[in-house]
Amino acid sequence: MTTPILASFRAGGLFLFASFLACLCSQAQEKRKDVVVMNNGDRLTGRVKRLQNGLLFIEMPYASGNIGLDWNQVDSVQSTGIFQILLNNGQRLEGTIEKISGEKAKNEDFLIREATEEVEISSTSIASIDQKKPTFWRQLQGNIDFGYTFNSGNSQSTLNADTNATYKTTGWQATTSFDSSFSGQSGASSTNREDLQGVVSKFLNRNSFVSGLSDFLHSSRQDLNLRATLGGGYGRYLKRTTNSNLAWLGGVAYIHESFDTTASQPTDQSMEAVVGLQYNYVRFDLGELDSQLRIYPGLTDSGRVRITTNNSLSIKLRNNFYLLFTFWDNFDSRPPATAKKNELGTSTGVGWSF
């Protein structure tokens, strides 16, 4: 039976997917002629979009999709757009940008023009650049992934779909994601898993932040109708470069759980500590690795420990498409007597980023 809370939870996932469609439909392009010159003399004219994970993305009217350029091989950039710039030391700036040719500059070859001052820095000290856009929908960045497998030997089919979106400013960042998987087999019961997550982070200074966390999980394999997790904590970036970043988070969370069974189940409300790690690494010629690990030691339910991990490897294809491999695991040291302690899964699919 679908509870009102679970129905709202699933509606949240549908709303997130609809948001993606609205985002795609609202992308009215302004005309801008930015100029990028490469070290070998190639000159590209178009619209600079962002610098992310060592790649400078530029949109050109005669090319399909955004083209990613190796930032280390970019000689100069001239753009009239407004950008949000994040440095490796955690400093956040906003303004127009210009990269000066290496023949004319020595160490400080990147210029940021803010409202009241100009800042000269080294281009190697930049972690990311994001274009500031005029509307909320156009400021979103995210991915949509789909995967399907079918085995005729036992008539088993598996479907998985994932979406996520991120909104960034110089002072805070919000991320939401929805993951869904379904597995069915002829003559056997089907299983499904749905997970809706949200994180809002406020940057305190260059390397520290506070975050609010929410997670709504449904898992038929673990007899879990819905586990609602609401919490928050303090975190810091341990490492941040153009190609990778590593951060930790510590805090507390309120947990409300509803199970299919009443046999020896945990209390429906509890408080847990939260300890987490988040790692991201990108290779220019390969793709991207994302890994998240969170540990929830019980505070009011002493002795109970939950562990969740979500990991993905994306391999670049063409025109913002990629091949995706994911691994996730949910561990509960004290589930209901009829439920499994561990639920893990892997999936493959094709995705598109925007």
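For the range 50-87, the tally of residues that are outside any strand (DSSP E or B), farther than 27 Å from Leu317 by Cα and of a type in the set (A, V, I, L, M, F, W, C) stands at 1. Pairing residues of the range 219-247 that are within 16 Å of Arg334 (Cα to Cα) and outside the structural domain of Ala337 (by TED's automatic domain parsing) with residues that are among the hydroxyl-bearing types (Ser, Thr, Tyr) and at pLDDT 90 or above, at Cβ distances under 8 Å and at least 6 apart in sequence or on separate chains, gives no pairs at all. Among the residues of the range 191-203, is there at least one that is modelled with pLDDT under 85 and of a type outside the set (D, E, K, R)? Yes, some residue in the range 191-203 is modelled with pLDDT under 85 and of a type outside the set (D, E, K, R). Does the range 294-321 hold any residues that are out of contact with any Phe, Trp or Tyr (no Cβ under 8 Å at 6 or more places or on another chain), buried (at least 16 other Cβ atoms within 10 Å of the Cβ) and either part of a strand (DSSP E or B) or hydroxyl-bearing (Ser, Thr, Tyr) (or both), and which are they? Correct list: Arg294, Ile295, Tyr296, Pro297, Gly298. Scanning the range 192-219 for residues that are surrounded by fewer than 16 Cβ atoms within 10 Å (Cβ to Cβ), under 17 Å from the mean Cα position of the chain (by Cα) and not basic (Lys, Arg) yields a total of 1. If we scan the range 128-145, do we find a residue that is outside any strand (DSSP E or B), at pLDDT 85 or above, of a type outside the set (Val, Ile, Thr) and farther than 21 Å from Asn243 by Cβ? No: zero hits. Got at least one residue in the range 268-279 being under 16 Å from Pro335 (Cβ atoms), in contact with a Gly (Cβ under 8 Å, 6 or more places away or on another chain) and not acidic (Asp, Glu)? There is at least one residue in the range 268-279 that is under 16 Å from Pro335 (Cβ atoms), in contact with a Gly (Cβ under 8 Å, 6 or more places away or on another chain) and not acidic (Asp, Glu).
The values are calculated or read from the model by the stated rules, or taken from the named source; none is laboratory data. On a predicted model such as this, the values are computed, not experimentally measured, just so you know. When we count neighbours, we look across all protein chains shown, and the Cβ atoms used for this are built from the backbone with ideal geometry, even at glycine.
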